[in-house]
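A quick write-up on the structure given underneath.
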Amino acid sequence: MDHTQNRSTPGGTTFETVRSDYLRTLSDTSAKNMRPVLKRFETYLTRNGTDVVESIDVYDCRRYASSLADDEEADEIAASTAHTYFDYVAGFLGYCVREGLLDTNPARKNQATENLPEDRGERERQFWDPADRQQLFQFVDRRVDSALEPPRVPSQILERRMRDRAIVYVLGKTGVRGAEVFAVSGDETRNGLQWSDVNLEDGVLRVLGKSRNIEAAPLPSRPREALSRWQDVLEPPTDEWPVFPSDHAPSKYRCLRDGLEGDHSKSTIETLLSNNDVDELLREYEVPPPSISTAGARRVMQRLCEDAGIGLEEDEEYLKPHGARRALGDELYRENPTTAQTALRHKSIETTKAAYSDIETGELNNAIDALED
């Protein structure tokens with residue numbers, strides 16, 4: 001491998017150069033499987049400030065493992081897939097060691113792999129208990145109702161409660177995956193649900209499905225009402241505004257700087273930021289802020305469950321976003337497997353049956369028990 005000046009950035013070698021050389025050493029099938037994974041790893045690193053191969057360290061790999069764990073909890077990938085993707089990256093970094101670009105493989109350090117999700121199998125994935133779900137619905141409803149009663153709470157508190165309720169109802173009643181409505185770190189195509197994706201009149205959400213195709217998800221009455229009231233409070237200035245904007249201040253500042261960069265000088269932008277509220281500037285210049293991330297959504301759910309008294313026992317967990325989809329699918333499947341398939345947007349009924357085969361097994365046991373000896 002010839003690391004010439006025109007193939008390297010000052011002080012280091014570009015990802016694209018090494019990635020292309022590495023993939024050429026693999027079979028066509030392996031290269032096809034690894035290419036999108038390595039490209040996403042590259043995107044993740046560059047967005048987090050690592051732009052040359054020689055700079056990759058164990059902390060980059062550790063944070064990447066955390067992002068894979070985020071994807072797993074958002075029901076975007078299985079835990080086994082997260083481990084496979086990490087192994088792809090580790091193989092690539094091993095190649096970098098052999099080419100003299102890295103001294104050691106940072107992905108093979110214990111610190112790097114600690115945050116990978118545990119592969120416990122599909123059957124042990126959490127789902128929302130119906131009683132806990134109803135308790136959470138009632139809790140977020142009461143918080144909004146109390147905020148609207150005199151004496152009225154500050155507008156920021158009302159907005160937070162309206163947003164939180166909308167999040168709970170969208171997760172609990174539509175069957176969407178967290179990665180379909182919240183931003184996914186390191187994945188530019190999953191940047192969160194926008195108001196242009198919401199059709200309140202017809203009751204439809206347009207989401208980027210697991211297959212990376214745009215799909216229509218159901219929006220029944222209760223989440224539709226929660227979203228409608230949240231929209232009235234939020235007053236998004238454009239249809240490209242995120243349905244669930246992030247509260248992360250650094251992200252909002254970065255987003256505004258990027259949005260104004262083409263039309264304003266850096267000094268002008270900094271003057272605006274020093275003299276004005278960043279949220280007001282985002283609205284004034286119609287620069288959509290970032291969406292809340294899957295990790296941020298989990299923090300919201302954890303906070304709400306703690307406040308509602310859900311998951312306080314040692315052997316209990318808070319209601320995680322991906323558990324809502326499984327719970328809804330469980331209830332629908334017991335009523336009608338075809339309805340569950342449609343709501344969950346599975347391509348075939350076999351996929352739905354495989355996901356909820358334990359229900360059929362339980363019903364089969366009941367049928368056998370009912371037989372007379």
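May I ask you to evaluate 6.51 cos²θ - 1.76 cosθ + 1.60, the Karplus curve with θ = phi - 60°, for each residue of the range 239-255 and list the ³J(HN,Hα) values in order in whole Hz, giving x for glycine and proline?
Couplings: 5, 7, 5, x, 5, 10, x, 6, 9, 6, 4, x, 5, 5, 5, 5, 5 Hz.
Just to be sure I understand the curve: with the Debye formula and one point per C-alpha of the chain, what is log10 I(q)/I(0) at q = 0.06, 0.08 Å⁻¹?
Results for the chain at q = 0.06, 0.08 Å⁻¹ read -0.28, -0.50.
In terms of Cα to Cα distance under 19 Å, which lysines are near enough to K353, apart from those fewer than 8 places away along the same chain?
Once the sequence-local lysines are set aside, what remains near K353 is K210.
Would you mind pulling out the separation of the Cα centroids of the range 134-195 and the range 7-72, in Å?
That distance is 34 Å.
Provide the per residue accessible area, probe 1.4 Å, for the range 161-235, rounded to a whole number of square angstrom.
For the range 161-235, the per-residue accessible area is 38 Å².
Taking all protein chains in place and a 1.4 Å probe, what share, in percent, of the accessible surface of the chain do carbon and sulfur account for?
44
How many Å² of accessible area per residue for the range 17-104, probe 1.4 Å?
Heavy-atom SASA per residue in the range 17-104 reads 44 Å².
Among A112, Q156, T17, whose Cα projects farthest towards the positive end of the dipole of the chain, with charges put on the beta-carbon of Lys, Arg (+1) and Asp, Glu (-1)?
It is T17, whose Cα lies furthest towards the positive end.
Work out from phi, with θ = phi - 60° and the Karplus expression 6.51 cos²θ - 1.76 cosθ + 1.60, the ³J(HN,Hα) of each residue of the range 267-276, listed in order in whole Hz, and give x for Gly and Pro.
5, 5, 4, 5, 5, 4, 5, 6, 10, 9
Could you tell me which residue out of Y85, L102, A131 lies farthest along the dipole of the range 65-221 toward its positive end? Charges go on the beta carbon: Lys and Arg +1, Asp and Glu -1, centred on the Cα centre.
A131
The values are calculated or read from the model by the stated rules, or taken from the named source; none is laboratory data. All values derive from a computational prediction rather than experimental measurement. Ideal geometry is used to build each Cβ from the backbone, glycine not excepted, and the neighbour counts take in all protein chains shown. Side chains are part of the model used for accessible areas, which takes the heavy atoms of the whole protein and leaves out ligands, DNA and RNA. Shrake-Rupley method; radii C 1.70, N 1.55, O 1.52, S 1.80 Å.
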